[in-house]
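Only one structure is covered here, and it is reproduced in the block below.
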Amino acid sequence: MASVRSHESIELMTYSEVVEVSGYVGNFKAKIRKKPRYVDEDKCTGCGVCQEKCPYKADSEFDVGLGSRKAIFTPFPQAVPNVPVIDPDHCAYFLRNKCRACEKFCEAGAIDFEQTEKFVEVDVGSIIITTGFDSFDPSPIVQYGYGIYDNVYTGLQFERMSNASGPTGGKLQLRDGSQPKSVAILHCVGSRDINYHEYCSRVCCMYSLKFSHIIREKIPDAEIYQFYIDLRCFGKGYEEFYNRIQREGVNFIRGRAAEVTDLAETLEEEGKLIVLCEDTLIGRQRRIPVDMVVLSSALEPRADVMETARMFSLSRTADGFFLERHPKMDPVATMTDGIFIAGCCQGPKDIPDTVAQASAAAARVLSMISKGEVEIEAATSVVDEELCSGCKICIELCPYTAISFDEEKKIASINEALCKGCGTCAAACPSGAITSKHFTTQQMMAQIEGVLV
Amino acid sequence: MSFEPKIVGFFCNWCSYAAADLAGTSRKKYAPNVRVIRIMCSGRVDERLISKAFTMGADGVLVCGCLPGDCHYVKGNLSARRRITGLRPFFDAIGIGGDRLRLEWISASDGPKVAETVNSFTERIKQLGPSPFNRRQDEH
């Protein structure tokens, strides 16, 4: 990120979002909202004194509720740019019009409460969408007790806990501060489940294995249980890693966990969480008491994926992720020329796959730039100027806003760079003025005659 | 001889046509009565094409598109739906029968649904008998 920011040909806009896109390949216009940070990026030196002095706290989003942050904060230690942002929902100045402690202590005078959101318009030739994923919230699966029992964590929370710069400084601990002696890791929470997401999230098996490795390293005598359906260790070196974890003495139990409960039946279950499951390899029901439960929750499409899809005219697959042009032959491009997708917004994938897809997307864009011109679809629609009555029906129908109204001639005109040749306009035109090339009415009629003779 | 209906199928290039391909490669068996015409989008099908098919002697017309929200042209299938819903009463009124026109959503990965749809529609047309256009020809 830091090297991207310092690159002379890259302009990095953080804390901003695209609100409107128009145009077509080579000539996109994007309207971008820059949200106010209330800190002047040019003046701020990133010393962090404001964050020390700020008296107000809130739950840290980055630590998934395990830690806290101040009302003025940098989202995470390596954030680029290293400039804090003020959260108006928790800042006393915005709530009660007092405090301004950060302003008093800022030597650079970078705090600016007067900032408002700004809109900028940029001309771009192509767009790469890398909006990523959301982590599935397992609280609807009540039988796993997330949000009910204190020591049920999501994978992301465990990840933060195990991080040396995380809320516990890398110490694995229960909510009461003690060290867990046994940990259960539940696979496929929300994925491979017809009630939530049918797809496989692809990364959970490997991060669950990584978790057991971390636990083994930090608490050598801990009992670790993995509850899995299948272990999908598909990547380079993954199977070897799985074998290594097996050698480290982790208990693998084949069977989706049925329930996590605190109702003890025996003395040794007292005060513990009990994972109920059917061990399908021995064909028996089991109750396994543990101190900590980690849920490997699914990757799901971003909450605002609908708006993004609408803004960029993207299609989505049944699972909600963005649809690529072709699942095998063109997994990077979308149905809109000049718009590419990479990473988990296209479907769950791990880091190597994401890097590969993102590099491919960048290469596709570069090849278009170096070529200087674009090839467009041959099967487009054309308007017969003599026949068009200017009723504008087609303009409403076009999903790509490729049709505009020529005010001078009072007829519709089709932008061939935008048209994808679906032919909806040709079918709707009451004067028969629109022909979709390669699928003309004559050709279609001839085909009908052909099949019915 | 038993009645074997002639049915014209308009299958969109991206979902239904791909699904029909898949049905073929996965060796699904289905009635041979539907003759498929590939179109780019179900939104391309208009009243002229459907009327043409009926006047040329089709006993039924099957239009297949992508599932709503899955259309490669964003919303062409929704245009098709509006058009076909509007055309059905028209074919009822002129005596052909709106039941002879059917619209189905088939996703590209759903080969079995092609077989299912084709079979059930062929069955339905068999129940309805030959289209009025064909009946008149037989009488002469």
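Each value in this text was obtained by applying a stated rule to the coordinates, not by laboratory testing. Predicted model only: the values in this text are computed from it and were never measured. Using ideal geometry, Cβ is built from the backbone for each residue, glycine included, and neighbour counts are taken over all protein chains shown.
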Please figure out what share of the DSSP beta bridges in the protein assembly as shown is antiparallel and state it in percent, rounded to the nearest 5. 55
In Hz, Karplus ³J(HN,Hα) per residue of the range B:64-74 (6.51, -1.76, 1.60; θ = phi - 60°; x = Gly, Pro): 10, x, 6, 5, x, x, 10, 5, 5, 10, 6
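Could you work out the Kirkwood radius for the range A:36-116, taking every pair of different alpha carbons, averaging 1/r and inverting it, reported in Å? All intermediate terms of the calculation are to be shown ahead of the outcome.
Working: mean 1/r = 0.0790 Å⁻¹.
One over the average 1/r among Cα pairs gives 12.7 Å for the range A:36-116.
Give the total of Lys-Lys pairs in the range A:381-452 with Cα-Cα distances below 19 Å; include a pair only if its members are 8 or more places apart or on different chains. Each step should come with its number before you reach the end.
Details: A:K392/A:K409; A:K392/A:K410; A:K392/A:K420; A:K420/A:K437.
Step by step, the pairs that qualify in the range A:381-452 add up to 4.
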Per-residue mean of other chain beta-carbon atoms within 10 angstrom of the beta-carbon, peptide A:393-404? 2
Any idea what diffusion coefficient the range A:134-299 gets from Stokes-Einstein, in µm²/s, Kirkwood Rh on alpha carbon pairs, 4 °C, 1.567 mPa s? 81
Over the range A:31-172, with a single point scatterer placed on each C-alpha, what log10 of the ratio I(q)/I(0) does the Debye formula yield at q = 0.13, 0.14, 0.17, 0.22 1/Å? -0.76, -0.85, -1.07, -1.30
Please report the orientation-averaged projected area of the range A:381-452, defined via the convex hull of its C-alpha atoms, in nm². 4.9
For A:H438, A:H7, A:H197, what's the fewest-to-most ordering of other Cβ within 10 Å of each Cβ? A:H7, A:H438, A:H197
Would you order B:F10, A:F73 from fewest to most other beta-carbon atoms within 10 Å of each residue's own beta-carbon? A:F73, B:F10
Among A:A362, A:A79, B:A115, whose Cα projects farthest towards the positive end of the dipole of the protein assembly as shown, with charges put on the beta-carbon of Lys, Arg (+1) and Asp, Glu (-1)? B:A115
Relative contact order for the range B:7-139 using alpha-carbon pairs under 8 Å, separation at least 6, rounded to a whole percent? 36
With the 8 Å Cα cutoff and a minimum separation of six or more residues, the range A:36-116 has a relative contact order in percent of 41
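So how strong a dipole does the range A:381-452 carry about its Cα centre when Lys and Arg Cβ are +1 and Asp and Glu Cβ are -1, to the nearest 20 debye? Please report the intermediate quantities before stating the final value.
Working: 5 positive and 9 negative charges, 41 e Å.
It comes to approximately 200 debye.
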Out of A:P88, A:P138, A:M444, whose Cα points farthest toward the positive end of the dipole of the protein assembly as shown (charges: +1 Lys, Arg; -1 Asp, Glu; placed on Cβ)? A:M444
Debye equation applied to the C-alpha atoms of the range A:134-183, log10 I(q)/I(0) at 0.18 Å⁻¹: -0.62
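Under unit Cβ charges (Lys, Arg +1; Asp, Glu -1), what dipole magnitude, rounded to 20 debye, does the range B:7-139 have relative to its Cα centre? Don't skip to the answer; put the middle values down first.
On the way: 20 positive and 13 negative charges, 31 e Å.
The calculated dipole for the range B:7-139 is roughly 140 debye.
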Going by C-beta contacts inside 10 Å, put A:M13, B:M40, A:M311 in order with the fewest on the left. A:M13, A:M311, B:M40
Sorted largest first, the C-alpha extents of chain B along its principal axes in whole angstrom are 45, 33, 19
Which value in Å is the Kirkwood Rh of chain A over different Cα pairs? 26.3
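I want the local charge near A:G249. Using Cβ-Cβ distances under 12 Å, sum +1 for each Lys or Arg and -1 for each Asp or Glu among the other residues. Walk me through the numbers before you get to the answer.
On the way: positive: A:R216, A:R244, A:R247; negative: A:D221, A:E223, A:E248.
Around A:G249, the surrounding residues sum to 0.
If you take the C-alpha gyration tensor of the range A:237-294, multiply each eigenvalue by 5 and take the square root, what semi-axes do you get, largest first, in whole Å? Write down the numbers at each step before the final one.
Numbers: eigenvalues 128, 39, 18 Å².
Each semi-axis is √(5λ); the values are 25, 14, 10 Å.
Please give the charge dipole size of the protein assembly as shown, origin at the Cα centre, charges +1 on K and R Cβ atoms and -1 on D and E Cβ atoms. Round to the nearest 20 debye. Let's see the in-between values first.
Values: 70 positive and 78 negative charges, 186 e Å.
Result for the protein assembly as shown is approximately 900 debye, rounded to the nearest 20.
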May I ask you to list the lysines whose Cα is less than 21 Å away from that of A:K236, ignoring any residue fewer than eight positions away on the same chain? A:K210, A:K328, A:K349
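Please give the calculated 222 nm ellipticity per residue for chain A, where each DSSP H segment of at least 4 residues contributes -39500 (n - 2.57) and the sum is spread over every residue; nearest 500 deg cm²/dmol?
Values: 12 runs with 103 residues, N = 453.
Computed mean residue ellipticity for chain A: -6500 deg cm²/dmol.
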